[in-house]
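Colleague: Before anything else, here's the structure in question.
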Amino acid sequence: MSDHHAEPADAWSEPEAVAQHAPAAGQGGVTPADAADAARLVSFGLQPKLLPARDAEYADLLRRYREEPAFARLADAVATGLGLIVLEVSPRAGMAVTASEDSVFAVRMGDYARRAATDSADRFLHGLAHLAVAAMAFPRPEDLADDGYIGRITVNGVEAFVRQACRRLEERAEEQGENTDPATDAPGLEAAWRVYHRRSSTGVTKDARRLAGSTTGIIGKAVAFLTDSGFLQRTGDEGGGSYRTTARYQLQVRDMAGSAAMAELLDLGVVPVGDGTATLLPPEGEDAELVADAGLPFHG
Amino acid sequence: MTSPASTEPVPPQLSAGPRPAQGPAADEGLARRLRALACTAPLHDLDVRKANLAGEYSTYAMAEVALAAIDLVTLNMDFDTGADHEQVLARLLPRVAAQAPRRPAAEHERVARWVLENLINVGSVDRGFRAVYGTFGADGAYVRRDYDFKLLEEVPGYGGSVYLRTTDEAVNVLVGALDTDVTSAQIAAEVKLEVLISRGRLADAQLAAEQARYRTVQYAETLRKTLEATRRNVRAVDWLSGVPDMIDEALDHVADRYRHENAILTNIRKARDEADDQEHKRRAAELVDIVKDCIRRHTQLQSRLLEAGPLFRAEQDRQAFAQPAARSGLDLYGQLLAPLLPLPVEQATRATDAFFAHGAGLRTPASVRVGDLVELLLTPPVEREHLGAEMPEPDLIATPDDSRFSEEQLAAATELLTLEYDAPRRLSGLLAEARRRAPGTELPYLVALLAVHAASPPVGTAYRQGEERLLFAVDDGTELDDPEFGGADLILGTALLDAAGMAADRTDPV
């Protein structure tokens, strides 16, 4: 948010809000000051790295949202009008909002990675990187459901994890005697794992930088982007960069991304069977392969 | 590719088409061989393309350099990392230089670098190669397929560095044994080695030993991958029997190989020591090195295997005793990632796109006012303080020299204790001389201290450093009669160490 947006809001709200918000909420009438406060709260929500615990004004507005239903409705309306979806409003996550699909705040793949706009393999890999980061951050269904869970990932860990899953698919295809080499004139029919599998995991460019098009580079980009979105926090440099998840990320994955991707899969006729529990028992037979890599990321 | 001759009596050129392939099974073998053939193509390609390079490079045998590079990377591949890029280049240079000794060294390096970069295929985004071949499908339709492979791949090492590893394809091309089982091939190689040595055919034995080493490396690589997977697979892995069986098997294998290789080592050592022919001696010595390297790799493998058990139990504890979740969520891996990977990429992209669109969060679009922009552009940049804040002058306090003995005293004591090898002296005599030299100082204490130290001389260190003399002290039971010191009246002497003999021994610690 630019300062120009914030300043008028301040000018409106500061002197009057204290005096007026109580009667306004009580009577159900909305004053311009209330609207300014609601918009201010939404603007806080648009700064995902800002923590309510670190900003007294943010914390005050959050309390007001939770205590005054009328103010809450007003803030929700402001968010909706801006093309935002409110995921949760709580002291831990703050005003967690996310962009709806056609909002000005939405992130588009073409802006995210230039190559992804033209190259279908790159497009897939960038999307897969985001999914893999989430899958490693919340390896068990319980972890995604548990509000207190904090996931920890490293860039190299995510890379190795996906590569391993792909290798298993390769081994399985080999066992079944399948020829997985794609037909030359139909690249879109190539199995997804092969696209990842044949991309090199890392590399050095001639000017001694990391290769951005490698899978490590692509995952590193995803993780850096998620950190900017306030979804991850960098905790160290080991394993190519280690990160922990924030409450917002969990909400975003649980309530938005997971279900959206799931809907697409169902639409494609792929019905992933899950009984909702991650069993610690060794699975039987062929199914073992499917969940074989669903283990927790290994810490330390 | 030739199609098998038709057995039909009709003239083949007029027939509507006898079935060109004998079915998928025959075709599969052909496909496998085509892929194997494709793996060698990048090497041939190097020799073809060298003509296009700016300069006269036809004297260099590029395929040879490439094979040598793959050799070097394979042999320098460790369990954890891979081979270092620059190191491989440095070791490759002598061979390149030998091919064209009159050319400048810079050109040799260029050639080596060019070969290595082409083996990685730096130009392509996948950093791999692609070959196109055709097969007949089950319905008899001819399909052209892409075969993607790599020869050298870049893998991440510690601290963000990048290492090189040879791929299985490359190892197979190199060893020349396509589609063979790792375990059995290794056993075969070792049996062959033993037979060869017992018959005294060392030239062949070296070849077999090298093959055994390639196999060992390949085996270690296979197990490394498996263990890596095992680490993540806590939940889904069959820890009751599957994993322990696997580990037991691998441990058995290591023990077996270890026994085998030690036996071979003893045999070759004997062969080396008994050989009269200098050439045989040299070859046997090389063989010793190779087998030692094999043993080192096996030991490394074994320690990894032993770590696997505790690692599992720790993870198992962490999860099995965790609180059961109140509600269940989406299994991101099991329900999204795993089902998505086998899909055709076109369809999978729909799901990943959806995940990205809803999972990447939001970005606030940047908007500027023209007024701000003009002001921003016209503002002169803030002068940066290049040197930073001024450092306060550090307040240094000289620490008092609290050593008990001075340098001069040490020199005097050392001089006193520099004894001729054939004239040992008693401690009492040395103490008396020390008192005479520097009466009233601490010199006798220092002499006594050094003498006591010499009672347990650092033989190992002196041995390693190749020193020729070593001070030692022996207690023969005589008591020390001294006003200041008590204990044994040690006999101090100098031992002459056989430095040359030691150097010879060092190469062969038994």
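The values are calculated or read from the model by the stated rules, or taken from the named source; none is laboratory data. Being a predicted model, the structure only gives us computed values, none of them experimental. With ideal geometry, Cβ positions are generated from the backbone for all residues, glycine too; neighbour counts draw on all protein chains shown.
Colleague: Taking the range B:420-437, which residues are among the aliphatic types (A, V, I, L, M), closer than 20 Å to B:Phe405 by Cα and loosely packed, with under 15 Cβ neighbours inside 10 Å?
Modeller: Quick first cut of the range B:420-437, residues among the aliphatic types (A, V, I, L, M) only: B:423, B:427, B:430-432, B:434.
Retained after the next criterion (residues that are closer than 20 Å to B:Phe405 by Cα): B:427, B:430-432, B:434.
If the condition is that a residue be among the aliphatic types (A, V, I, L, M), closer than 20 Å to B:Phe405 by Cα and loosely packed, with under 15 Cβ neighbours inside 10 Å, then B:Ala432 is the only one that fits.
Colleague: Mind listing whichever residues of the range B:125-146 are among the basic types (Lys, Arg) and touching a Lys or Arg at 6+ places or on another chain (Cβ under 8 Å)? Walk me through how you get there before you give the answer.
Modeller: Taking the range B:125-146 as the starting set, the residues that turn out to be among the basic types (Lys, Arg) are B:127, B:130, B:144-145.
Across the range B:125-146, the qualifying residue is only B:Arg127.
Colleague: Hey, another quick one. Residues that are surrounded by 24 or more Cβ atoms within 10 Å (Cβ to Cβ) and not assigned by TED's automatic domain parsing to the domain that holds A:Lys49: find the helices (runs of 4 or more DSSP H) completely inside the range A:66-138 holding 1 or more of those.
Modeller: A:120-137
Colleague: Further question on the same structure: Pairs, please: C-beta under 6 Å, at least 6 apart or cross-chain, first residue more than 7 Å from chain B (Cβ to nearest Cβ) and in the range A:98-109, second assigned to a loop (DSSP other than H, G, I, E, B)?
Modeller: A:Ser100/A:Gly83; A:Ser103/A:Gly83
Colleague: Here's another thing I want to ask about it. Step by step: first the residues of the range A:246-262, then only those that are facing chain B (nearest Cβ under 7 Å) and either of a type in the set (Gly, Ala, Ser) or in contact with a Phe, Trp or Tyr (Cβ under 6 Å, 6 or more places away or on another chain) (or both), then the one that is surrounded by the most Cβ atoms within 10 Å (Cβ to Cβ). Which residue is that?
Modeller: Taking the range A:246-262 and keeping what is facing chain B (nearest Cβ under 7 Å), we get A:252-254, A:256-258, A:260-262.
From what is left, the residues that are either of a type in the set (Gly, Ala, Ser) or in contact with a Phe, Trp or Tyr (Cβ under 6 Å, 6 or more places away or on another chain) (or both) are A:257-258, A:260-261.
Numbers: A:Ala257: 26, A:Gly258: 26, A:Ala260: 18, A:Ala261: 31.
Checking each candidate, the answer is A:Ala261.
Colleague: Do we have B:Arg130 as within 10 Å of chain A (Cβ to nearest Cβ), surrounded by fewer than 16 Cβ atoms within 10 Å (Cβ to Cβ), at negative phi and in contact with a strand residue (DSSP E or B) (Cβ under 8 Å, 6 or more places away or on another chain) here?
Modeller: Considered against the rule, which asks whether it is within 10 Å of chain A (Cβ to nearest Cβ), surrounded by fewer than 16 Cβ atoms within 10 Å (Cβ to Cβ), at negative phi and in contact with a strand residue (DSSP E or B) (Cβ under 8 Å, 6 or more places away or on another chain), B:Arg130 comes out as yes.
Colleague: Collect the residues in the range A:184-207 that are surrounded by fewer than 18 Cβ atoms within 10 Å (Cβ to Cβ) and either in a loop (DSSP other than H, G, I, E, B) or at the interface with another protein chain (Cβ under 7 Å from one of its Cβ atoms) (or both), keeping them in residue-number order.
Modeller: Residues of the range A:184-207 surrounded by fewer than 18 Cβ atoms within 10 Å (Cβ to Cβ): A:184-189, A:204-207.
Correct list: A:Thr184, A:Asp185, A:Ala186, A:Gly188, A:Leu189, A:Val204, A:Thr205, A:Lys206, A:Asp207.
Colleague: Being within 14 Å of another protein chain (Cβ to nearest Cβ) and part of a loop (DSSP other than H, G, I, E, B) is the requirement here; does B:Val88 meet it? It would help to see each step written out before you state the result.
Modeller: Numbers: within 14 Å of another protein chain (Cβ to nearest Cβ): yes; part of a loop (DSSP other than H, G, I, E, B): no.
It is false that B:Val88 is within 14 Å of another protein chain (Cβ to nearest Cβ) and part of a loop (DSSP other than H, G, I, E, B).
Colleague: Let me ask another. Only residues that are hydrophobic (A, V, I, L, M, F, W, C) and either buried (at least 24 other Cβ atoms within 10 Å of the Cβ) or assigned to a loop (DSSP other than H, G, I, E, B) (or both): list them for the range B:338-353, please. Explain how you work it out, then say what you get.
Modeller: Restricting attention to the range B:338-353, the residues satisfying the condition of being hydrophobic (A, V, I, L, M, F, W, C) are B:338, B:340-341, B:343, B:345, B:348, B:351.
Result: B:Leu340, B:Leu341, B:Leu343, B:Val345, B:Ala348, B:Ala351.
Colleague: A further question on this structure: Out of (1) closer than 17 Å to A:Thr154 by Cα; (2) facing chain B (nearest Cβ under 10 Å); (3) of a type outside the set (Lys, Arg); (4) touching a helix residue (DSSP H, G or I) at 6+ places or on another chain (Cβ under 8 Å), the odd one out for A:Leu232 is which?
Modeller: Here A:Leu232 meets the rest and fails (2).
Colleague: Continuing with the same structure: Given the condition free of Cβ contacts under 8 Å to residues at least 60 places away in the same chain, assigned to a helix (DSSP H, G or I), assigned by TED's automatic domain parsing to the domain that holds A:Arg234 and more than 21 Å from B:Thr352 (Cβ to Cβ), answer yes or no: does some residue in the range A:151-171 qualify?
Modeller: Within the range A:151-171, the first condition is being free of Cβ contacts under 8 Å to residues at least 60 places away in the same chain, and the residues that meet it are A:160, A:162-163, A:166-167, A:169-171.
Cutting the leftovers down to assigned to a helix (DSSP H, G or I) gives us A:160, A:162-163, A:166-167, A:169-171.
Remaining after also requiring assigned by TED's automatic domain parsing to the domain that holds A:Arg234: A:160, A:162-163, A:166-167, A:169-171.
Applying the additional criterion that residues be more than 21 Å from B:Thr352 (Cβ to Cβ) yields A:171.
Checking the range A:151-171: at least one residue is free of Cβ contacts under 8 Å to residues at least 60 places away in the same chain, assigned to a helix (DSSP H, G or I), assigned by TED's automatic domain parsing to the domain that holds A:Arg234 and more than 21 Å from B:Thr352 (Cβ to Cβ).
Colleague: Look at A:Arg152 and say whether it is more than 9 Å from chain B (Cβ to nearest Cβ), surrounded by fewer than 22 Cβ atoms within 10 Å (Cβ to Cβ) and of a type in the set (D, E, K, R).
Modeller: Details: more than 9 Å from chain B (Cβ to nearest Cβ): yes; surrounded by fewer than 22 Cβ atoms within 10 Å (Cβ to Cβ): yes; of a type in the set (D, E, K, R): yes.
So A:Arg152 passes the test.
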